[in-house]
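The values are calculated or read from the model by the stated rules, or taken from the named source; none is laboratory data. Just so we're clear, the structure is a prediction, and the values are computed from it rather than from any experiment. So basically every Cβ, Gly included, is an ideal-geometry build from the backbone, and we count neighbours across all protein chains shown.
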């Protein structure tokens, strides 16, 4: 398990080119693969002993004290999403157009096309489908009746897109990804993901390095114990599991960490309104359960 100082040294070497990205990634991920925990190390315990206080900073209890982090590292993949998005934006700005043939092949390879039904007479979109009357369809625009709709071929839709990316028909989510997610996209979205993949390929090493540096920063901050308080087991549990802390006014009830006080310490009118809202939400939850829509 890398210690606090070792992480700082690793970050410094990576930023200055003193270590290869591959080696830095290997060192960083080794501990995660081996399921090691920082708070089990000798380094953590020694630095914890220097910062922990003799009572809970929330409720003043002296029982079962622990170090409570007020912030936690962002997940590696979340950092990667942000970094990739920024590189994609930069890539699109410098490469605003895409190769038509390459993009068309990408669409046909990665998406199933579910075309929008059209009227064969006036090509209006989504003619009314009737369940009993014949012919089966009625166009609400030209009032023509027919049994079969027509569809715009994917090549025609792509041609429209390259002429006018703001055209109405290119905004239809008629492209279904062939992966396990089967997400629905319209052409502007598929273009973005196409450019995003090209950006990831071109800036692969830069994205990996920047993401790793951000993750190292997070882990260094976490291990530094700088953004922490001393808390008893009860307060630490409330903070971590329910985002709640002891009210600083009454020191009796817990409150959401985003609020200045608990409900009991609010002025009478606000307290009454808060309890009414809680009761209403409980009634709605019970009704949803009875109706089977919870």
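Yes/no per residue for (1) loosely packed, with under 12 Cβ neighbours inside 10 Å; (2) in a helix (DSSP H, G or I); (3) free of Cβ contacts under 8 Å to residues at least 60 places away in the same chain; (4) over 27 Å from the mean Cα position of the chain (by Cα):
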position: 222; (1), (2), (3), (4): no, yes, no, no
position: 229; (1), (2), (3), (4): no, no, no, yes
position: 239; (1), (2), (3), (4): no, yes, no, no
position: 250; (1), (2), (3), (4): no, no, yes, yes
position: 264; (1), (2), (3), (4): no, yes, yes, yes
position: 271; (1), (2), (3), (4): no, yes, yes, yes
position: 276; (1), (2), (3), (4): yes, yes, yes, yes
position: 282; (1), (2), (3), (4): yes, yes, yes, yes
position: 286; (1), (2), (3), (4): yes, yes, yes, yes
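Residues that are in a loop (DSSP other than H, G, I, E, B) and touching a residue at least 60 places away in the same chain (Cβ under 8 Å) within segment 72-98 comprise 72, 73, 74, 95, 98, listed in sequence order. Taken together, the residues in segment 30-45 that are assigned to a helix (DSSP H, G or I) and surrounded by 13 or more Cβ atoms within 10 Å (Cβ to Cβ) amount to 4. Take the conditions more than 17 Å from residue 222 (Cβ to Cβ), exposed (fewer than 13 other Cβ atoms within 10 Å of the Cβ) and in contact with a strand residue (DSSP E or B) (Cβ under 8 Å, 6 or more places away or on another chain) and apply them to residue 53. Does it pass? Taking the combined requirement at face value, the residue satisfies it.
Among residues that are under 20 Å from residue 92 (Cβ atoms), touching a strand residue (DSSP E or B) at 6+ places or on another chain (Cβ under 7 Å) and modelled with pLDDT of 95 or more, residue 190 is included. Does any residue of segment 99-107 turn out to be part of a helix (DSSP H, G or I) and in contact with a strand residue (DSSP E or B) (Cβ under 8 Å, 6 or more places away or on another chain)? So far as segment 99-107 goes, yes, one or more of its residues are part of a helix (DSSP H, G or I) and in contact with a strand residue (DSSP E or B) (Cβ under 8 Å, 6 or more places away or on another chain). Confirm whether residue 161 is surrounded by 16 or more Cβ atoms within 10 Å (Cβ to Cβ), free of Cβ contacts under 8 Å to residues at least 40 places away in the same chain and either part of a loop (DSSP other than H, G, I, E, B) or out of contact with any strand residue (DSSP E or B) (no Cβ under 8 Å at 6 or more places or on another chain) (or both). When the stated conditions are applied, residue 161 passes them. Residue count for segment 1-29 satisfying the condition of being surrounded by 13 or more Cβ atoms within 10 Å (Cβ to Cβ) and in a loop (DSSP other than H, G, I, E, B): 4. With respect to being surrounded by 17 or more Cβ atoms within 10 Å (Cβ to Cβ), farther than 30 Å from residue 195 by Cα and in contact with a strand residue (DSSP E or B) (Cβ under 8 Å, 6 or more places away or on another chain), residue 174 falls outside the description.
Condition check ((1) at pLDDT 90 or above; (2) under 25 Å from residue 5 (Cβ atoms); (3) touching a strand residue (DSSP E or B) at 6+ places or on another chain (Cβ under 9 Å)) across all residues:
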residue: 18; (1), (2), (3): yes, yes, no
residue: 23; (1), (2), (3): yes, yes, no
residue: 32; (1), (2), (3): no, yes, no
residue: 43; (1), (2), (3): yes, yes, no
residue: 48; (1), (2), (3): yes, yes, yes
residue: 63; (1), (2), (3): yes, no, yes
residue: 70; (1), (2), (3): no, yes, yes
residue: 74; (1), (2), (3): yes, yes, no
residue: 82; (1), (2), (3): yes, no, no
